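Structure first, commentary second.
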Amino acid sequence: MTDFEINEALSSLEILMSEFFAHTTNNFRKREIENILENFANRRDSWKHCLLFLQKSQNQYVLMFILTTLEKIINRQWIHLSDNEKTEIRLTLMNELMTKHEVMLYFIRNKLAALLVAIARYDWPHLYPDFFSNIVELLKCDGHQCIVGLVLAQAASEELGAARDTGVLLPSARRSQLERLMLKGMPQMLNALSAILEKNAQKEGQSNPPPSPTSGLPQSSALPDLLANAHDVHSGDRALNMDIVVKCLTTLQHLFSWLPLSSHVPPSLVTTVFYWGSVATQSQSVEAALAGLGGVCELLYRRYAPPSSAATALRLHHCSLRLLRHLAHHNTHMHRAPIDYLNKLAEFLKLFVSLHFKRLEAEPEFDAIEFLSYLFQYTFQVPKCSTFVNCLDIWIQFIDVLKPEDTSKYWEALQALVNGVLNKIQFQHNKAQLQHLDNDVCDDDGETEWQTFLKHCIECIARVADLAPLDVFTAVMERWQCLAGVHARSSVGVRVSAPAEADRLLAALLDLATLTRLLGRLAPALLAESDGSSAACAAGAALVERCASSLSGAALTRPHRTHGPPLASAHIALQAEMFACMGAWCCYASECGVPLRTMDSLLAAALPFLVPHEQPEPPLLCHAAAHLLLSLSKNVKFTTDPIMMLGDLYNHAQRSLHYLEPKTGSVVREALVCLSLCRPEAARGLLGAWGSLNGGPSAVLPPLTELLHAFAGASTHSKKIIAEGISSAAESALRMLCDPVYSTSESEITDFFLALFTALLPQLGSFAYTAIDVFLEVAQRETGDSSGSLERLVECVRLGVEAGGGGVRVTAVLELLQIHVLPRATHHSPALARAAHRLLASVLVHRWRYFFPTGPGSGVGVEGAEGARRSDELRGALTALGGALLSQDIDLLRIALNTLDVLNTKWKLYHKALFRSEFMGEFLSVLVSGLSEGGARALLRDEAVSAAHAMAVVDFNAFRHAFLPHFLRSMPGLDQQHAQMLADFPPDTDLPTFTQNILKLMNDVNCYRAYQSLGCNEMGP
């Protein structure tokens, strides 16, 4: 092409690209332009035009299109190009990168570098021998050339560094070769990267560069003096230098993610990287600091432990200690550091403590108390509560690594931590921070910012209490008792008029609620010892007595009704926390020797909030009182008749609990049944009253369903009483299920039966099998399954199958599955498909002997029509199971793989003649071919390989010499030459080696098929 033709063609391309990205271009025209560009890119010689356009154009849209087209050519046609054509493309790309990298946009530069790495993927070292040496030489340069080297180095690390799936198909042998080549050149690259960091540290005005590998143990000066002389260096090249440092650190971070650390990463490099992680208090250095800490964290996540691991840990200790001292001694440094940096530092400290703290205790240079002292200062000086929570994770990690005998050694630090956290969560001490925490908007976990903060703080104190329960409990109790006196005075109706006094009272009530929650959390730790000490029991009993008294008084005075909104809300929150705290302590009341009269008073304090009033009680208090009632019913043996104690509540419950919120009503029903189980006739009466379906199944059955779920783990005696009480409702519901009049309530009815079968199946007797026959009949209706009713019926049948006994007709179940359920279980109803295959699995696993009938008393298999029929049923079941292996639904695939594993473990499925002759080959084909698939199926790759291995080892010679050659020959798109080459499968039969070999095989199969589809006849090494 002449220059005129080139310029004309380039001008046309620029016009097209500009038109495509113009906001006035409609979608129809965009599709036309896409077709034009695609036709151009698919031409055999399009790369020549791309190289010409690349050298002449400055339009970013055109350049990205050109580079994307070249990327497709490299990935799809590279093997088909001649060596001269490859060289021309490579030299042109390299020349463009080196001559224009200072002026081109960064994403164009990065794309050019990625193309050179893509070429190296195929040609290095045979046709591209200087690829790696070029990168190392560029790393030794200054300025923008160094950045080019860093971009190339990171791209090489990402694409060539490890035998991982990068989205580009390569034979496994080539992947391994590239990894070996990268590892061979790593010492040179790491030296060059380390030199960049050290050189730029000196440019920052440092007289003490990071120590060399031979400098011995780190001293206090191991970290350069940047922290001691923190200042901003104003230089025209400083921004460029920072860009180089940041890029160098991010490159190292990626290298650390895959390099063999102990053999390739020297401790001196770790110190150098950490140095740059400590400069966040300087302007323009935040990115470098984050990248530096990120690199060290990457090493610690991978359990970095070089031969001189103790010396390396000491280096990190001295560096982190110097940084913590720097931040703690100068508040301005702490506040100048970005929150992201402080969080990353907390992440590093957590990893450091978990990996190295116990190891360093034996080193004379390590002062654990000094380290904890500066960690304490850092923890309580960070400006944000979110960062403080991350710091608490460090202390929890510290507590995790301690042994019981270490408690006394570090008790001073742990005690200071408890007192510090207690101050942090109280408005009286930390109102400035706490008042800004949001307590309205919930996150994805359903918690507000305040709830998350409080949960972490309480958990940290509880972890210390696991080591010294009585000491921690006493410290909290002292604060609680002081505030409890304030609460007692405010509960008697004394009006507060002065704003300052009202604020103090509000803070006291909120803090008392917080400490009450904490005391509830400490109950298990305080009484964890099997022979709980008398002091611990006395402390627990004192708390229960004081709370019971407060709750009894509040039940009479209703302080939330006598105060204004802020104080009323605080009283409600406090009373709810006291109910919850006592609910937790009910489990230990008898152990602490709490008198029964106290427990009676707790019950009496809860009941007024569970009966109807003219002025309804706050829902939060009602719900908390319901849970206290439930805890009392489960943990306290009352001497008084509980029905008499319940009084009006029992009478109201027999009629209706609709005056309570549904979730509160469910808790109350469970508590009432628990209390009345000691009088079976009372329990049956309650259940009978609730089970009367006069109000219609849609209204009556859901509460019973929740009740059944609640008692799924109850004792057999309790379940028998409940089954007797609910039998009438079950029989009525079964009749309604068959009656089309109640079809609109089918969802509630089937929900009820699923809960009934889950909780009480052994107690239902013959009714269970009668119900299953009805389920099998109802499930055959040709109706939709939008409500999931069919799914629940199938689950009920499954529970019946798993329960054993002869009441379930296996033939009818298989007929239901094959004719009615599985055909309806399409991809539009995945839940039904999963339920169907769970039922199929239960039939196969629990009724396996059904498929192999024997004559009466003979133990000999039945021949003739009956035996043939059951064999056909087994074939149908295994066929359906095999179909699930093809599913893209990961849950359905998991069910199928687990079923195969259980069948083989329990019944030796893979050794059965029928399976080996009719199913083994197909199952293996599906499993092996699916190993190369990505997406959700890749998550179950280990399970699929394990299943394939279990089938293969039944006859490994047949697998190698018969199955695999036939499998490879039948693979579409794989020529016979490659099939023959790949058929030479290694003879190793152990699972780890088999896994490695079969994954390599399928990688190569996919690679050769892809190149075959692109018209290539062979693939380079």
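The values are calculated or read from the model by the stated rules, or taken from the named source; none is laboratory data. Values in this document were obtained by computation on a predicted structure and should not be read as measured data. Cβ placement follows ideal geometry from the backbone for every residue including glycine, while neighbour counts extend to all protein chains displayed. Surface accessibility is based on the protein's heavy atoms, side chains included, excluding ligands, DNA and RNA. Shrake-Rupley method; radii C 1.70, N 1.55, O 1.52, S 1.80 Å.
Ranked from highest to lowest mean number of other Cβ atoms within 10 Å per residue, what is the order of the peptides 871-883, 98-110?
Put in order of decreasing packing, that is 871-883, 98-110.
Using a/c under 1.5 as the rounded threshold, could you call region 928-993 rounded, prolate or oblate? The axes a ≥ b ≥ c are square roots of the C-alpha gyration tensor eigenvalues, and prolate needs a/b larger than b/c, oblate otherwise.
The shape class here is oblate.
List, in the order given, every pair from Lys100/Lys140; Lys100/Lys247; Lys409/Lys634 whose Cα-Cα distance in the structure shown is over 31 Å.
Over 31 Å Cα-Cα: Lys409/Lys634.
Take the Cα atoms of the chain, build their convex hull, and give its volume per residue in Å³.
About 256 Å³ per residue, rounded to a whole number.
Once phi is turned into ³J(HN,Hα) by the Karplus curve 6.51 cos²θ - 1.76 cosθ + 1.60 with θ = phi - 60°, what whole-Hz value does each residue of region 33-49 show in order, with x for glycine and proline?
After applying 6.51 cos²θ - 1.76 cosθ + 1.60, I find 5, 4, 5, 4, 5, 5, 4, 5, 5, 7, 5, 4, 9, 5, 4, 5, 5 Hz.
Checking the a/c ratio against 1.5 first, then a/b against b/c, what shape does the Cα gyration tensor give for region 786-825?
It is oblate, given that a/c is not under 1.5 and a/b is not larger than b/c.
Using the per-residue mean of other Cβ atoms lying within 10 Å as a proxy for protection, in what order, highest first, do the peptides 125-131, 513-519, 997-1003 fall?
The peptides rank, most packed first, as 513-519, 997-1003, 125-131.
Contact order normalised by length for the chain, with contacts defined as Cα pairs under 8 Å and 6 or more residues apart; what percent is it?
Relative contact order, the chain: 6 percent.
From the P(r) of region 960-1004, can you give the percent of Cα pairs sitting at distances over 11 Å?
Of all Cα-Cα distances in region 960-1004, 66 percent exceed 11 Å.
Before I look further, what does the chain give for accessible area per residue, probe 1.4 Å, in whole square angstrom?
On a per-residue basis, 44 Å².
Once the Cα gyration tensor of region 694-810 is found, what semi-axes does its equivalent ellipsoid get, as square roots of 5 times the eigenvalues, in whole Å, sorted largest first?
Calculated on Cα positions only, the semi-axes equal 21, 18, 12 Å.
Once neighbouring chains are kept in place and the probe is 1.4 Å, which whole percent of the accessible area of region 562-661 is contributed by carbon and sulfur?
58
Given a 1.4 Å probe and the protein chains all in place, what does the accessible area of Lys247 round to, in Å² to the nearest 10?
The value for Lys247 is about 50 Å².
I'd like to know how region 345-476 sits against the 2.2 N^0.38 Å rule of thumb: what's its Cα Rg over that expected value?
With N residues counted in region 345-476, Rg over 2.2 N^0.38 Å equals 1.09.
For Asn7, what is the net charge nearby, where nearby means another residue's Cβ is under 14 Å from its Cβ and Lys, Arg count +1, Asp, Glu -1?
Residues near Asn7 contribute -3 overall.
So, counting K/R as plus one and D/E as minus one, what does the shell of residues with Cβ under 11 Å around Ala1010 add up to?
+1
Whenever you get a sec, compute what percent of the accessible area on region 48-98 sits on carbon and sulfur atoms (1.4 Å probe).
Answer for region 48-98 is 44 percent, counting heavy atoms of protein chains only.
Taking θ = phi - 60°, what integer Hz values does the Karplus form 6.51 cos²θ - 1.76 cosθ + 1.60 yield along region 939-951, in sequence order, with x for Gly and Pro?
Residue by residue, region 939-951 yields 5, 10, 4, 4, 5, 5, 4, 4, 5, 4, 5, 4, 6 Hz.
Restricting to DSSP H runs of at least four residues, report the calculated mean residue ellipticity at 222 nm for the chain, -39500 (n - 2.57) per run over all residues, nearest 500 deg cm²/dmol.
So the calculated ellipticity at 222 nm is -22500 deg cm²/dmol.
Can you tell me how region 411-562 classifies by the Cα gyration tensor, rounded, prolate or oblate, using a/c under 1.5 as the rounded cut?
Verdict is oblate for region 411-562.
Taking Lys403 as the anchor, which lysines have their alpha carbon closer than 25 Å to its alpha carbon, excluding any fewer than eight residues away along the same chain?
Filter leaves Lys350, Lys358, Lys455.
Tabulate in residue order the Karplus-calculated ³J(HN,Hα) for region 68-74, using 6.51 cos²θ - 1.76 cosθ + 1.60 with θ = phi - 60°, rounded to whole Hz; enter x for Gly and Pro.
For region 68-74, the Karplus-derived couplings read 5, 5, 5, 4, 5, 5, 5 Hz, x marking Gly and Pro.
Going Cα to Cα from Lys431, which lysines come in below 16 Å? Please leave out same-chain ones fewer than 8 positions away.
By straight Cα distance, Lys431 reaches Lys384.
Share of Cα-Cα pairs in region 363-436 beyond 17 Å, in percent?
The proportion of pairs with Cα distances above 17 Å equals 47 percent.
Could you work out the equivalent-ellipsoid semi-axes for region 52-182, taking the square root of 5 times each eigenvalue of the Cα gyration tensor, largest first, in whole Å?
Semi-axes from the Cα gyration tensor: 23, 18, 13 Å.
Return the tail of the calculated pair distribution for region 584-699, meaning the percent of Cα-Cα pairs more than 22 Å apart.
32
How big is the convex hull of the Cα atoms of region 806-909, per residue, in Å³?
Expressed per residue, the convex hull around the Cα atoms of region 806-909 is 100 Å³.
Which aspartates and glutamates does Lys720 reach when only Cα atoms under 14 Å apart count, and residues fewer than 8 places away in its own chain are ignored?
Glu681
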